[in-house]
Amino acid sequence: MCEADANDYLRMAHASQLRLSQGELEVVFAETAERFGSPTNSGEPALAFELFVELLVETARRQFTDLKDTESAAALFEVHLLPLARRLRRLEPDPP
């Protein structure tokens, strides 16, 4: 597992105020990276798009266990990721 990518994922998950434990988030990253290729193996500096998407889908499954995949992914965006994006935009400096 690429430590930097795992740390980025964990920071994003915590900033999104997901109510999953650190251990569960680490399992999501490790299992997904194993299934879809570790970023370390790709030689690329960032997560492969497929791995990023699968991380989001698996995180949504774990966060919203009672919903179908499409519903859980939508809920993840609506409840956690869109509010995070709004908070991050507020932190950006205004253009000159």
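List of remarks:
- Taking label positions 7 Å along the Cα-Cβ direction at both Q17 and D66, the computed distance is 2.0 nm, reported to one decimal.
- Taking a Cβ cut-off of under 13 Å around V27, the surrounding Lys, Arg, Asp and Glu residues balance to a net charge of -2, with basic ones at +1 and acidic ones at -1.
- Net charge of Cβ neighbours under 14 Å - reference L67; Lys, Arg +1; Asp, Glu -1: -2
- Simple spin-label estimate for F52 and F77 gives 1.4 nm between the two label positions (7 Å along the Cα-to-Cβ direction from each Cα).
Computed from the coordinates by the stated procedures, all read-outs in this text should not be read as laboratory data. Every value quoted in this text rests on a predicted model; they were computed, and no experiment measured them. A quick note on method: Cβ atoms are made from the backbone with ideal geometry, for glycine too, and the neighbour counts reach across all protein chains shown.
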